[in-house]
Protein chains: 2
Amino acid sequence: MINDEQLASLNKAIVEDDTLALEYLVLDIKPVDLAGFIRYQTTQAGLKLLTYLPLEERADVFGHLNVVTQCELAEKMTEEGLSQLFVHMNSDERADLFNELAEEKRQSILRRLAKEEREDIRRLASFEEGTTGSIMSSDYVTVVAETNGVKTNIAQALERVRHTAPNAETIYQVYILNADQQLAGVLSLRQLILAKPEATVDQIMTTELVSINAAEPQEEASRLISRYDLLALPVIDDNQRLIGIVTYDDAMDVAEAEATEDMHKGASIGPSDEGFGQATIRNLYSRRVNWLVLLVFANILSGAGIAFYEEMIEAYVVLVFFLPLLVASGGNAGSQASTLMIRGLATGDVGIKDWGKLLVRELIVASFLGLTMALAIVGIGFWRGGIEIAQVVAYSMFIIVIVGSLIGLSLPFVLVKLGWDPATASGPLVTSIADIIGVLIYFAIATSILAF
Amino acid sequence: MINDEQLASLNKAIVEDDTLALEYLVLDIKPVDLAGFIRYQTTQAGLKLLTYLPLEERADVFGHLNVVTQCELAEKMTEEGLSQLFVHMNSDERADLFNELAEEKRQSILRRLAKEEREDIRRLASFEEGTTGSIMSSDYVTVVAETNGVKTNIAQALERVRHTAPNAETIYQVYILNADQQLAGVLSLRQLILAKPEATVDQIMTTELVSINAAEPQEEASRLISRYDLLALPVIDDNQRLIGIVTYDDAMDVAEAEATEDMHKGASIGPSDEGFGQATIRNLYSRRVNWLVLLVFANILSGAGIAFYEEMIEAYVVLVFFLPLLVASGGNAGSQASTLMIRGLATGDVGIKDWGKLLVRELIVASFLGLTMALAIVGIGFWRGGIEIAQVVAYSMFIIVIVGSLIGLSLPFVLVKLGWDPATASGPLVTSIADIIGVLIYFAIATSILAF
């Protein structure tokens with residue numbers, strides 16, 4: 001992180017337009033930290049800072065900015081400057097940026113690039129957002145297993161690694177290709193430097209390898225990297241040809257973004273590329289309003305349920321005292337169950353096939369929870385309304401907690417079966433459904449016990 | 001993952017006690033997948049499978065099991081077998097297991113190990129759970145910058161890497177120590193294989209490095225690794241001496257566990273080491289019951305608020321129709337705000353110092369949200385209760401949504417100031433608080449407009 005002293009010096013140098021001080025300062029700051037600083041600067045100041053960096057580092061810092069800031073800066077750059085940046089950026093990052101630029105800008109950049117780069121950008125930019133293809137990089141090291149019938153040996157492979165190293169995102173995994181460019185195996189640099197130089201590559205390469213198709217969702221790539229502790233995951237096309245890699249650091253970013261998205265969904269908030277700190281008012285409004293309004297209409301059903309029992313409420317107005325507490329308890333227990341379920345599904349800890357088993361367990365857990373909460377509340381029921389109200393409240397609590405929990409556990413499953421994201425079973429949605437059912441259960445039990 | 005065919009063959013081989021088939025089958029299955037399979041077996045079957053594995057792989061598979069299953073298996077192993085496993089396990093995993101074993105078992109294992117291993121286990125096991133020290137590994141490669149005044153060169157460093165490789169978790173980062181065992185720099189294997197063999201280590205090593213004190217929380221280690229895209233993070237003691245490393249794969253596990261814990265907290269569920277799939281009824285009950293009961297008592301306040309306005313409800317029973325809808329909306333908007341805030345703080349996207357700025361933005365966003373929702377509901381208010389009720393409902397909605405949102409945004413900050421985890425500001429808690437305040441706002445506005 002940038003310390004306070006560095007921050008003060010940076011700000012001073014920018015205000016005073018002190019070129020020398022800036023050039024000196026940026027030497028000591030890591031690219032990602034410099035990017036963090038630039039995010040909070042005006043486009044003007046950001047551009048100025050970037051120009052003081054050597055091209056390699058400039059591309060590195062630029063790559064750490066989010067796409068919104070990148071676009072703002074790109075707008076103000078010369079086409080020559082932007083093209084240079086494109087040449088030095090990581091292949092996956094520049095493809096993302098490319099997708100966000102205006103058509104005119106894209107064409108002018110492509111025109112300035114060499115054929116190879118141009119094709120690389122076009123190819124990577126063609127994958128749909130959210131797929132593994134959209135986050136893969138084309139900067140990796142490959143070695144062909146044999147050339148014209150002669151098998152490649154370790155010394156030759158190492159030579160090739162040394163040669164490719166400056167342009168590769170990772171050289172710690174070397175992918176071995178057969179004559180059809182298909183992925184035949186992998187060698188770690190560890191294996192390479194420990195093997196005898198004259199051994200052939202196909203003798204020591206690992207052939208049991210984990211790979212992924214470019215069309216698979218990026219979460220799946222992230223999950224595989226995490227599960228198998230991979231440094232990089234090779235990405236293949238439908239013909240088993242190696243077309244890219246996803247590195248562990250991109251997998252970490254995907255996992256973080258997915259967790260954020262799931263947490264937001266859990267509170268009925270739509271997804272966004274903008275971080276919360278920088279999000280605009282329009283962005284926040286539009287991500288929140290839809291569900292809020294939808295839930296209002298769901299809650300009208302609760303109100304309608306209450307209105308249906310209007311006469312009973314007039315006769316026993318004490319029932320209203322317990323209404324918020326009972327329906328909230330069903331919603332809370334339901335949110336707990338749905339959250340456990342959604343996260344369990346997301347981490348692969350439970351699967352769709354486990355529903356029956358989990359439902360039985362949930363029934364038992366919820367029964368104990370309902371019993372505990374009924375006991376917690378029965379005395380207050382007696383105090384406020386006598387023995388009959390105490391009974392109504394205790395029985396209602398017991399049943400509402402069980403029903404709420406079972407709904408919470410089941411909703412994510414139902415959504416998956418419908419082809420939706422289970423995380424849509426947000427706390428507010430589960431709570432609203434549990435509220436409606438809670439109202440009905442409460443007044444039904446009251447009707448039967450109070451013989452109204 | 002294990003495919004269905006492999007699964008069927010594994011089960012068949014276990015039932016039939018078919019040693020040969022088992023030995024052959026496990027060759028093709030990755031350690032983590034085999035561990036996943038063993039988790040769902042009886043201890044007996046798990047032990048049988050493990051014995052068919054060569055010691056190295058057995059330790060690898062065993063290391064991928066969770067600590068609960070490890071302990072169950074360890075109970076049934078001979079002391080000799082368990083000690084052998086300890087020798088071959090990763091240093092961080094064995095220290096975790098060691099901490100869970102009975103004192104008697106610990107002593108018997110320590111007695112069977114060499115002095116160096118014994119001290120390593122004691123040292124790693126001594127760090128408190130949740131600290132960086134508790135997840136660090138001691139299997140890394142170090143090179144001293146100079147010996148007796150002679151500087152180490154690249155060829156010597158590479159020789160040392162080759163020599164240490166079989167026991168190191170990663171050889172891709174080589175840590176350079178000064179004479180006091182302090183961390184002086186780092187060399188990546190990439191730098192090593194590209195450098196001239198006769199160059200000295202201190203000429204090319206990176207001295208600007210990111211490190212962490214062993215006492216820092218493990219989330220901080222995970223965050224640094226993610227932020228700076230590190231393969232491994234060196235861990236130092238108070239005297240800057242290198243005492244361990246945290247690898248990127250452990251950082252991914254920490255990040256996933258932290259996200260799970262935060263999501264669970266967001267639904268008022270306590271933390272646990274057990275996954276949801278395997279959790280016992282007792283575990284689930286105890287993690288859920290405390291907050292549920294606490295929230296019941298919070299909701300009694302809502303009930304009390306309603307009871308306070310009993311006479312008004314008897315006069316205008318239509319007010320009850322809108323009660324669930326209004327208080328739920330405040331709770332929903334509040335949950336959204338608290339979730340955005342909590343996740344923003346967790347990912348470092350916003351900081352405590354940003355509160356004022358964020359509060360102003362939230363006020364504007366919530367005003368628009370409140371206005372939208374008031375408009376959505378005003379017609380129904382008119383239909384159910386005429387112009388005055390429509391006014392009461394619309395004004396209440398507007399104010400309740402704003403107040404709920406501001407509470408949701410602020411609660412995580414207040415908790416941080418009190419030294420608590422901001423994630424404690426769960427959806428159910430925010431909803432309960434918003435409910436109480438919603439009831440009061442609603443009836444206060446009703447009192448004033450209806451001139452009751």
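One quarter of the convex hull surface, Cα atoms only: what value does that give for segment B:4-126 in nm²? Its average projected convex-hull area is 7.1 nm². Normalised by the number of residues in segment B:4-126, the average gap of Cα pairs under 8 Å and 6 or more apart makes the relative contact order 20 percent.
Dividing the alpha-carbon radius of gyration of chain A by the rule-of-thumb value 2.2 N^0.38 Å gives 1.33. Listed by Cβ neighbour count within 10 Å, with the fewest neighbours leading, A:123, B:288 appear as A:123, B:288.
Where the only charges are on Cβ atoms (+1 Lys, Arg; -1 Asp, Glu), what is the dipole of segment A:101-247 about its Cα centre, to the nearest 20 debye?
Details: 16 positive and 22 negative charges, 99 e Å.
Magnitude of the dipole: close to 480 debye.
Here the protein assembly as shown has an Rg and Dmax of 30.7, 97 Å, counting Cα atoms alone.
Work out the length of the dipole vector of the protein assembly as shown about its Cα centre, built from +1 on the beta-carbon of each Lys and Arg and -1 on the beta-carbon of each Asp and Glu, and round it to the nearest 20 debye. Intermediate values should be presented prior to the final figure.
Values: 66 positive and 118 negative charges, 280 e Å.
Around 1340 debye, computed over the protein assembly as shown.
Other chains near A:302-314: what is the mean number of their Cβ atoms within 10 Å of each residue's Cβ?
Details: counts 6, 11, 4, 2, 7, 6, 1, 1, 4, 1, 0, 4, 4.
Mean partner shielding for this stretch: 4.
Which value results when the Cα radius of gyration for segment A:281-450 is divided by 2.2 N^0.38 Å?
Details: Rg = 17.3 Å, N = 170, 2.2 N^0.38 = 15.5 Å.
It is 1.12.
Treat the count of other C-beta atoms within 10 Å as a stand-in for reagent exposure and order B:287, A:241, A:343 from fewest to most.
A:241, B:287, A:343
For the residue pairs A:353/B:48; A:30/A:105; A:357/A:417; A:48/A:76; B:76/B:105; A:30/B:357, alpha carbon separations beyond 19 Å are given by A:353/B:48; A:30/A:105; A:30/B:357. Partner shielding of B:375-386 amounts to 2, given as the average count of beta-carbon atoms from other chains within 10 Å of each residue beta-carbon. Summarise the long-distance tail of P(r) for segment A:258-350 by giving the % of C-alpha pairs beyond 22 Å. That fraction is 51 percent. Residues in segment A:79-86 carry Karplus couplings, in order, of 5, 4, x, 5, 5, 4, 4, 4 Hz; the curve used is 6.51 cos²θ - 1.76 cosθ + 1.60 with θ = phi - 60°, and Gly or Pro positions show x. Between residue A:123 and residue B:57, the FRET efficiency estimated from the beta carbon spacing at R0 = 45 angstrom works out to 0.70. With distances taken between every two different alpha-carbon atoms, segment A:141-248 has a Kirkwood hydrodynamic radius of 14.1 Å.
Helical runs (DSSP H, four residues minimum) scored at -39500 (n - 2.57) apiece and divided by the length of chain A put the mean residue ellipticity at 222 nm at -21500 deg cm²/dmol. Sequentially through segment B:135-152, phi angles give Karplus couplings (6.51, -1.76, 1.60; θ = phi - 60°) of 10, 7, 10, 10, 9, 9, 9, 10, 9, 7, 5, 8, 10, 6, x, 9, 6, 6 Hz, Gly and Pro residues having no value and appearing as x. Across the identical copies, the label point of residue A:293 (7 Å from Cα in the Cβ direction) is separated from its matches by 4.3 nm, in order from shortest.
The alpha-carbon positions of segment B:86-175 define a convex hull whose volume is 115 Å³ per residue.
Amide H contacts for residue B:210 (H built 1.01 Å from N in the peptide plane; partners 5 or more residues away or on another chain; cut-off under 5 Å): none found.
Neighbouring Cβ atoms within 10 Å as the yardstick, rank B:442, A:172 fewest first.
On the way: B:442 26, A:172 22.
By the 10 Å Cβ count, ascending: A:172, B:442.
When N is the residue count of segment A:39-97, what does its C-alpha Rg come to as a fraction of 2.2 N^0.38 Å? Don't skip to the answer; put the middle values down first.
Values: Rg = 10.2 Å, N = 59, 2.2 N^0.38 = 10.4 Å.
Here the Cα radius of gyration is 0.98 times the empirical estimate.
Under 5 Å between amide hydrogens, built in the peptide plane, is the criterion, and for residue A:176 it picks out A:143, A:184, A:185, A:186, A:187 among residues at least 5 positions away or on other chains.
Under 5 Å between amide hydrogens, built in the peptide plane, is the criterion, and for residue B:350 it picks out B:345 among residues at least 5 positions away or on other chains. In the protein assembly as shown, taking the dipole from charged Cβ atoms about the Cα centre, the farthest positive-side position among A:329, B:264, B:424 is held by A:329.
Between identical copies, the spacing of residue B:72 label points, each set 7 Å from Cα toward the C-beta atom, reads 5.4 nm from nearest to farthest.
Is the shape of segment B:162-313 best called rounded, prolate or oblate, per the rule: a/c under 1.5 gives rounded, else a/b larger than b/c gives prolate, else oblate, with a ≥ b ≥ c the square roots of the Cα gyration tensor eigenvalues? All intermediate terms of the calculation are to be shown ahead of the outcome.
Details: a/c = 4.06, a/b = 3.08, b/c = 1.32.
Judged from the Cα gyration tensor, segment B:162-313 comes out prolate (a/c at least 1.5, a/b above b/c).
Dipole magnitude for segment B:218-350: computed about the Cα centre from +1 point charges on Lys and Arg Cβ and -1 point charges on Asp and Glu Cβ, it is near 280 debye.
Restricting everything to alpha-carbon atoms, can you work out Rg to Rh for segment A:402-450 with a Kirkwood hydrodynamic radius? Write out the running numbers ahead of the final one.
Numbers: Rg = 13.2 Å, Rh = 11.7 Å.
With Rg and the Kirkwood Rh in hand, the quotient comes to 1.13.
Using only C-alpha positions, report the orientation-averaged shadow area of the convex hull of segment A:144-193, nm², one decimal.
Values: hull surface 14.1 nm².
Averaging across all directions leaves 3.5 nm² for the Cα convex hull.
Starting from the label point of residue A:312 at 7 Å along Cα→Cβ, the same points in the other copies fall at 2.5 nm, in ascending order.
Within 10 Å of each Cβ of B:169-178, how many other protein chain Cβ atoms are there on average?
That average works out to 2.
Nearest 10 degrees, 0 to 90: what angle lies between the long axis of helix B:355-417 and the longest principal axis of chain B (Cα atoms)? Tilt of helix B:355-417: around 40 degrees. For chain B, the relative contact order works out to 11 percent when only alpha carbon pairs closer than 8 Å and six or more residues apart are counted.
The angle separating the long axis of helix A:91-100 from the principal Cα axis of greatest extent in chain A is about 60 degrees.
Throughout, read-outs are computed from the coordinates displayed, never taken from laboratory work. All of these numbers come straight from a predicted model, not from anything done at the bench. Backbone-built Cβ (ideal geometry, glycine too); neighbour counts: all protein chains shown.
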